[in-house]
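The values are calculated or read from the model by the stated rules, or taken from the named source; none is laboratory data. None of these values were measured; they are calculated from a predicted model. As a convention, Cβ positions derive from the backbone with ideal geometry for all residues, glycine included, and neighbour counts pool all protein chains shown.
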Amino acid sequence: MLKIAHGHPDEKLINFVMLRHMKQAGYSPNNIGHFGLSFEEYTHFTSPIRRYPDLIVHRLIKEKLRGVARYLDYDGLAEAGRHCSERERVSEKAERDVVSMLKVRHMAGREGEEFGGIITGVTAFGLFVEMTDVMVEGLVRLTDMHDDYYEYHEKEHMLLGKRRRKIFRLGSPMRVRVKHVDVYKKEISLEPVGEGGGPPFAGRREKMRGERRGSGKGPKKRPRRAL
């Protein structure tokens with residue numbers, strides 16, 4: 001699928017979606033091969049030792065070389081694999097929290113700066129954009145996109161402007177400005193620059209001003225219709 005998508009306008013979208021739908025790896029005594037390395041036989045082994053699963057593999061190899069019985073049978077290895085996988089998830093979450101805090105602190109006081117970015121998430125309440133220059137992600141709230149009324153299309157991973165048909169899609173580039181940084185909440189609020197930006201209903205106000213300048217009168221009132 002990745003080969004077919006190469007060079008297609010939706011290549012980034014397909015890459016994002018495929019990556020997010022891949023199942024997380026886990027430690028197990030079952031040999032199911034390794035998708036990324038394309039190996040039929042594979043074991044987790046690093047040197048120097050970085051994780052407890054590495055230590056288990058080291059012990060098993062030493063026992064095999066000495067010709068003694070394994071200190072863990074199949075059920076023991078399965079339980080050790082489940083435990084190590086669970087603890088690794090906890091460790092990764094703690095690492096992400098620390099990195100997130102440092103990124104927010106790095107952006108503190110940089111309100112008003114503009115960055116080029118990539119849309120990394122599309123939700124009903126806005127867009128997550130990663131600023132490519134600093135590799136920091138922030139949120140563009142739907143309430144800060146004033147040039148149109150945007151509808152959320154979940155299956156297409158996009159926001160679609162109802163009037164101008166402007167599309168903001170997962171993987172697309174977007175220019176943003178840092179609006180507010182909340183270090184305590186670890187939140188970075190962004191606002192769009194150019195398309196999607198500007199004050200609320202700017203086009204409508206300019207149209208009304210033009211009508212006043214051209215005719216000396218305000219916009220014509222539409223007749224009320226009976227309900």
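Of all residues in segment 113-156, those satisfying the criterion of being of a type outside the set (Gly, Ala, Ser), surrounded by fewer than 17 Cβ atoms within 10 Å (Cβ to Cβ) and in a strand (DSSP E or B) are Glu114, Thr120, Thr123, Arg141, Glu151, Tyr152, His153. Restricting Ser100, Ser91 to residues that are closer than 30 Å to Leu139 by Cβ and touching a residue at least 24 places away in the same chain (Cβ under 8 Å) narrows the list to Ser100.
When each of Ile49, Ile32 is tested for being modelled with pLDDT under 90, among the β-branched types (Val, Ile, Thr), touching a Leu at 6+ places or on another chain (Cβ under 8 Å) and surrounded by fewer than 14 Cβ atoms within 10 Å (Cβ to Cβ), the lone residue that passes is Ile49. Checking Glu79, Glu11, Glu41 one by one, the residue that is charged (D, E, K, R) and within 22 Å of Lys93 (Cα to Cα) is Glu79 and no other. Taking first residues from segment 66-86 that are modelled with pLDDT of 90 or more and partners that are charged (D, E, K, R), the Cβ contacts under 8 Å between residues at least 6 apart in sequence or on separate chains come to Cys84/Arg51.
Of the residues Leu160, Leu190, which single one is crowded, with 19+ Cβ neighbours inside 10 Å, in contact with a Lys or Arg (Cβ under 9 Å, 6 or more places away or on another chain), of a type outside the set (Phe, Trp, Tyr) and at pLDDT 90 or above? Leu190 is the lone residue from the list that is crowded, with 19+ Cβ neighbours inside 10 Å, in contact with a Lys or Arg (Cβ under 9 Å, 6 or more places away or on another chain), of a type outside the set (Phe, Trp, Tyr) and at pLDDT 90 or above. The set of residues in segment 13-27 being touching a helix residue (DSSP H, G or I) at 6+ places or on another chain (Cβ under 9 Å) and either surrounded by 14 or more Cβ atoms within 10 Å (Cβ to Cβ) or within 30 Å of Phe168 (Cβ to Cβ) (or both) consists of Leu13, Ile14, Asn15, Met18, Gln24, Tyr27. Summed over segment 1-34, the residues that are more than 23 Å from the chain's Cα centre (by Cα), part of a loop (DSSP other than H, G, I, E, B) and more than 21 Å from Glu79 (Cα to Cα) give a count of 0.
Could you list, in sequence order, all residues of segment 157-166 that are assigned to a loop (DSSP other than H, G, I, E, B) and free of Cβ contacts under 8 Å to residues at least 60 places away in the same chain? Once the filter is applied, which keeps residues that are assigned to a loop (DSSP other than H, G, I, E, B) and free of Cβ contacts under 8 Å to residues at least 60 places away in the same chain, segment 157-166 yields Lys162, Arg163, Arg164, Arg165, Lys166. In segment 167-189, the residues that are at positive phi and assigned to a strand (DSSP E or B) never reach a residue that is modelled with pLDDT of 90 or more and surrounded by 13 or more Cβ atoms within 10 Å (Cβ to Cβ) with C-beta atoms less than 9 angstrom apart, at least six apart or across chains.
On inspection, Leu72 qualifies as assigned to a loop (DSSP other than H, G, I, E, B), surrounded by 12 or more Cβ atoms within 10 Å (Cβ to Cβ), of a type in the set (A, V, I, L, M) and over 32 Å from the mean Cα position of the chain (by Cα).
When Arg59, Arg87, Arg50 are checked against the criterion of being out of contact with any Ser or Thr (no Cβ under 9 Å at 6 or more places or on another chain), in a loop (DSSP other than H, G, I, E, B) and outside the structural domain of Ile188 (by TED's automatic domain parsing), Arg50 stands alone in meeting it. Looking only at residues of segment 163-184 that are closer than 16 Å to Glu111 by Cβ and not basic (Lys, Arg), we find that the one that is surrounded by the fewest Cβ atoms within 10 Å (Cβ to Cβ) is Tyr184. The requirement of being surrounded by 12 or more Cβ atoms within 10 Å (Cβ to Cβ), among the acidic types (Asp, Glu) and over 23 Å from the mean Cα position of the chain (by Cα) is satisfied by Glu63.
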